[in-house]
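Only one structure is covered here, and it is reproduced in the block below.
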Amino acid sequence: MSAREAAIAALHSRLVASLAVRNPAPVVLRGETIPQRIPAGGLVVLRDGETVEETPILSPLAWQIEHRAEVEVTVAGATPTTRNTLLDALLVDIAAAIAANRTLGGAVEWAQPGSAAFEDVEFEGAAAARAAAIPVTLWFTVAGSPLA
């Protein structure tokens, strides 16, 4: 398993474990398409994202990798207030889950959530939904090739 894959898998595991205590708990997926119906607790989808920067470190040869994953959060509700309240609570819980263990169990050197970008979306079976995308920057070091 590559260092990038280990980092993203650790982030996914952290989100699954931390958000499972919510009632109702959101469905947490990784790299999957968004289902047509949003669960009552909301939907959290982790996207692998992209490597932002690779910095070589000499002696011994290693690479400092900055990778940006994206966490998409979508909630549905009858009123804008309901949607905003649920979305805000999920965003706070996601940030708290990452802040509670910045190394994601040793998979990364540091994990940092960024600012959310919001949008209103339409889904079948829902009057309306509210979504946010949160960039999560993961820093880790890879010995030898940056592809390792």
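The values are calculated or read from the model by the stated rules, or taken from the named source; none is laboratory data. Given the structure is predicted, the values throughout are model-derived calculations rather than measurements. Glycine gets a Cβ as well: all are built from the backbone with ideal geometry, and neighbour counts include every protein chain shown.
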**Study point:** Which numbered condition Ala97 fails, given (1) part of a strand (DSSP E or B); (2) under 16 Å from His12 (Cβ atoms)
**Key:** (1)
Revision key, fill the gap. Residues of the stretch 93-148 being over 14 Å from the mean Cα position of the chain (by Cα), within 24 Å of Ala76 (Cα to Cα) and either modelled with pLDDT of 95 or more or not charged (D, E, K, R) (or both), in sequence order, are Phe118, Val121, Phe123, Gly125, Ala126, Ala127, Ala128, Ala129
Review point. Going by the structure shown, is Thr74 in a strand (DSSP E or B), on the phi < 0 side of the Ramachandran plot, hydroxyl-bearing (Ser, Thr, Tyr) and surrounded by 13 or more Cβ atoms within 10 Å (Cβ to Cβ)?
Key: yes
Check your understanding: Can you spot a residue in the stretch 18-41 that is in a helix (DSSP H, G or I) and either acidic (Asp, Glu) or out of contact with any strand residue (DSSP E or B) (no Cβ under 8 Å at 6 or more places or on another chain) (or both)?
Key -> yes
Revision key, fill the gap. Those residues of the stretch 82-107 which are under 17 Å from Ile38 (Cα atoms) and of a type in the set (Val, Ile, Thr) amount to Thr82, Thr85
Point to revise | Failed item in (1) of a type outside the set (Val, Ile, Thr); (2) closer than 21 Å to Ala131 by Cα; (3) modelled with pLDDT of 90 or more, with Glu53 passing the rest | key: (2)
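The rows are residues; the columns are (1) among the aliphatic types (A, V, I, L, M); (2) over 22 Å from Ser115 (Cα atoms); (3) at pLDDT 90 or above.
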residue	(1), (2), (3)
Val21	yes, yes, yes
Ile34	yes, no, no
Asp48	no, no, yes
Gln64	no, yes, yes
Arg68	no, no, yes
Glu72	no, no, yes
Ala76	yes, no, no
Study note, to complete from the structure: For Arg102, the lone unmet condition from (1) crowded, with 21+ Cβ neighbours inside 10 Å; (2) assigned to a loop (DSSP other than H, G, I, E, B) is (1)
Point to revise | Failed condition for Asn84, given (1) under 14 Å from the mean Cα position of the chain (by Cα); (2) in a helix (DSSP H, G or I); (3) closer than 14 Å to Arg130 by Cβ | key: (1)
